[in-house]
Amino acid sequence: MTAPGASFPGAGALAEAGKLFALAADVARSTFRRPFQFREFVQQSWFIVSVTILPTALVSIPFGAVIALQLGSLTRQIGAQSFTGAASVLAIIQQASPIVTALLIAGAGGSAICADLGSRTIREEIDAMKVLGVSPVQRLVVPRVLAAMLVSVLLNGMVSVVGVMGGYFFNVILQDGTPGAYLASFSALAQLPDLWISEFKALIFGLIAGVVAAYRGLNPSGGPKGVGDAVNQAVVITFLLLFFVNFVLTTIYLQVVPAKGS
Amino acid sequence: MGVEVVVEGLSKSFGKQAIWRDVSLTLPAGEVSVMLGPSGTGKSVFLKSLVGLLKPERGRIVINGTDLVRCSESRLYEIRKMFGVLFQDGALFGSMNLFDNVAFPLREHTRKTEAEVRRIVLEKMEMVGLVGAERKLPGEISGGMRKRAGLARALVLDPEIILCDEPDSGLDPVRTAYLSQLLIDLNAQIDATILIVTHNITVARTVPDNLGMLFRRELVMFGPREVLLTSDEPVVAQFLNGRRLGPIGMSEEKDQATMAAELAHREAGHADGAPDEDVRGVVPQLEPTPGLPPRGAVRRRKDRVMSIVHTLPADAQQGIVASLTPEEQERYGVLAANAGGPALTPSPVPRVARLPETGRHSRGGGDA
Ligand SMILES: Nc1ncnc2c1ncn2[C@@H]1O[C@H](COP(=O)(O)OP(=O)(O)O)[C@@H](O)[C@H]1O
Ligand SMILES: [Mg+2]
């Protein structure tokens, strides 16, 4: 996959990134083109939910528990038990749940989208669609990207709730924390924007996972083997992008929104 | 009537791999053309370039005054509505049954009622012999059926240009013959410009008005069928006869050593399967099913070819003149006797559809 005239190292990667952004722009434009593919959107949302919801639940319970236990013992060491609840809720909502969501949206949802579009591409269905005067971006990619975004936001909400409940359970039952202190502390430190940034991150992660999966699916390197490679790459690329974007968003958020009580 | 497709100096490569260079040809309006070529010479790539799915680096593809290589995406989508394309594997939508596949273009681009859609779809399904299979999914049927369903879908909007990628591969000879007949009948009925990409020799000999061949990254020849069918060009002759002896090898090209070895084997009496007879020569062209209107293309092409006949090789001239009826020979001012030599046409009976003697020159039909 070298761009014509690639003369310096990284030129190929830059060209790929450019094409990825071009697809994203195309998706943005096509979102507002009638008729909106509502059926496809609902079907895809349902499909992505069905492949992600169980693994998400299974991952989020231990994840919440680990964070709660870790923070529980840490706060006890420094004598700040009263903040255990707040700290673990913040950690879960702001960091853990978008990351868990991202992993599952990319790993389960994105890979399914990429494999689906990839096999359609090598069966020439995509070409046939273009020749029949129908834009595959508007018809297939937009509903999938929007579905990934929607499901990502919903899953993030679910992970937050399950994670917080898991944290509460482990902290109160296993580490003998007091329920009152756990609940009281998070209204002392947590604030509503914490939830918004969490959902916003999830939305962006869904977008990235959807666009990357669609891009790799529409451009497999040829043959059924190419589709397998494309799926593989889509997941890895998405992970890299998601962790990077998470870092950027977190940094900006912490700069822009003052922490409560400071 | 179909439209003319002009290709000028077209070159396409993927990265460093050149597929073909400097291809120039004209698909005359309303005529049937066949592009031959060994596997892997870029026939499918050529077809996809013609509909703007792949962008050649150089050259032009002009349809109705628009250059497809450089026009905007939205203009491209407009132009594509004139096309009906049959992809190599049918390219049906896997999630829809055959009926919905064929109905897809109608539902997308017309405001027809569901009853009308149903009528048109069933008509096309009958045309390609798929009645009764409407509810089947593409994954449940044979490759040949997928191909025929793909053709039905390509025809449903009455296209002006029909492109078929190997309509015969995966079909048995009988079905291939039916499909050839179907394409010729279609041409008679809607006068569409048709390009068939194939490596089936029977299709190449009997179906088209014009014949071309891609090999070794270039267009070896393109012109009236008589020219290629009588050609001495080694590549063309080898391909039409389907033999090993000649420049085409198992991989793209043959080296001198292989060529010499094969020749030596032959001298030593090795029978390599292919019959020794030479199948070249102008054979009668497929005609529309009786009852259908005669193909306008036959007449237009004859006018066009007769205007350039003196520039063609002698063998081709003989073939062309021999295929004219006495009236036509008179009209064009040539005599079969002039052609001399052994008549290449096996059938002495004139096989050209008789046309009403109306205005001499018909519309369109650019030079090839
Ligand atoms: N999208 C593509 N990317 C890279 N190479 C391609 C692509 N499509 C076709 N090719 C290459 O172009 C050549 C010609 O392919 P094709 O047109 O399918 O041949 P055929 O004449 O058998 O239809 C092959 O070598 C193939 O590998
Ligand atoms: Mg091909």
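Points worth noting:
- Alpha-carbon spread of the range B:141-247, three principal axes, descending order, Å: 41, 30, 24
- Whole-percent carbon and sulfur share, accessible surface of the range A:54-256, 1.4 Å: 76 percent
- Cα gyration tensor shape of the range A:1-78, rounded if a/c is under 1.5, else prolate or oblate by comparing a/b with b/c: oblate
- Highest-MSF residue in chain A out of A:P136, A:P35, A:P98 [GNM, Cα springs under 10 Å]: A:P35
- The range A:36-125, accessible area per residue, ligands and nucleic acids excluded (1.4 Å, Å²): 43 Å²
- Charge dipole (the range A:54-256, unit charges on Cβ, about Cα centre) - positive-most of A:P220, A:T178, A:L90: A:P220
- The figure for B:V131 is an accessible area of roughly 100 square angstrom, using a 1.4 Å probe on the protein chains alone.
- For the residue pairs A:K225/B:K48; B:K55/B:K124; A:K130/B:K16; A:K130/B:K48; B:K12/B:K81, the C-alpha atoms sit more than 20 angstrom apart in A:K225/B:K48; B:K55/B:K124; A:K130/B:K16; B:K12/B:K81.
- Whole-Hz Karplus values for the range B:151-156 come out as 5, 4, 5, 5, 8, 5 Hz, taken residue by residue from phi with 6.51 cos²θ - 1.76 cosθ + 1.60 and θ = phi - 60°; glycine and proline positions read x.
- Since only B:L137, A:Q43, B:P313 are under comparison, the one whose Cα sits farthest along the positive direction of the charge dipole of the protein assembly as shown, derived from C-beta charges on Lys, Arg, Asp and Glu, is A:Q43.
- Comparing the full protein assembly with the isolated chain, the residues of the range A:98-130 losing at least 20 square angstrom of accessible surface (1.4 Å probe) are A:R120, A:R123, A:E124, A:E125, A:D127, A:A128, A:M129, A:K130.
- The range B:5-226, accessible surface, carbon-and-sulfur percent (1.4 angstrom probe): 48 percent
- Pairwise centroid distance, computed over Cα atoms, of the range B:133-170 with the range B:230-259, Å: 32 Å
- Estimated vicinal HN-Hα couplings, Hz - the range B:254-259 in sequence order (Karplus 6.51, -1.76, 1.60; Gly, Pro = x): 10, 8, 4, 4, 4, 4
- Buried accessible area, chains A and B (both chains, 1.4 Å probe, Å² to nearest 100): 1600 Å²
- Database remark: amide H of A:G177 closer than 5 angstrom to the amide H of A:V172 (H placed geometrically; neighbours at sequence offset of 5 or more, or on other chains; Pro and chain starts carry no H).
- Highest-MSF residue in chain B out of B:P167, B:P234, B:P208 [GNM, Cα springs under 10 Å]: B:P234
- Gaussian network model of chain A, springs between alpha carbon atoms under 10 Å - residue of A:A11, A:A214, A:A28 with greatest fluctuation: A:A11
- Separation between Cα centres of the range A:146-181 and the range B:175-214, rounded to whole Å: 66 Å
- For B:S24, the residues whose amide H sits under 5 Å from its own are B:G9, B:L10, ignoring neighbours fewer than 5 places away on the same chain, with H placed 1.01 Å from N.
- Net charge in the neighbourhood of A:V100 (other residues with Cβ under 15 Å of its Cβ; Lys, Arg +1, Asp, Glu -1) is 0.
- Partner shielding of B:89-101 amounts to 3, given as the average count of beta-carbon atoms from other chains within 10 Å of each residue beta-carbon.
- In the full protein context, chain B carries 45 Å² of accessible surface per residue, based on a 1.4 Å probe and ignoring ligands, DNA and RNA.
- MRE, 222 nm, helices only [DSSP H, n ≥ 4, -39500 (n - 2.57), over chain B, to nearest 500]: -11000 deg cm²/dmol
- Euclidean distance of C-alpha centroids, the range B:69-102 and the range A:1-79, integer Å: 31 Å
- Counting heavy atoms of the protein chains alone, B:T110 has an accessible area of about 40 Å² for a 1.4 Å probe.
- The alpha-carbon positions of the protein assembly as shown define a convex hull whose volume is 209 Å³ per residue.
- Per-residue ellipticity at 222 nm, computed for chain A from helices alone with -39500 (n - 2.57) per DSSP H run of at least four residues, works out to -25500 deg cm²/dmol.
- Integer Hz, Karplus 6.51/-1.76/1.60 couplings in order for the range A:153-169, x for Gly and Pro: 5, 5, 4, 4, x, 5, 4, 4, 4, 5, x, 5, 5, x, x, 4, 4
The values are calculated or read from the model by the stated rules, or taken from the named source; none is laboratory data. Just so it is clear, the structure is predicted and the values come from calculations on it, not from any experiment. Reconstructed Cβ throughout: ideal geometry from the backbone, glycine too, with neighbour counts over all protein chains shown. When the accessible area is computed, the model is the full protein with side chains, heavy atoms only, and any ligands, DNA or RNA have been set aside. Shrake-Rupley method; radii C 1.70, N 1.55, O 1.52, S 1.80 Å.
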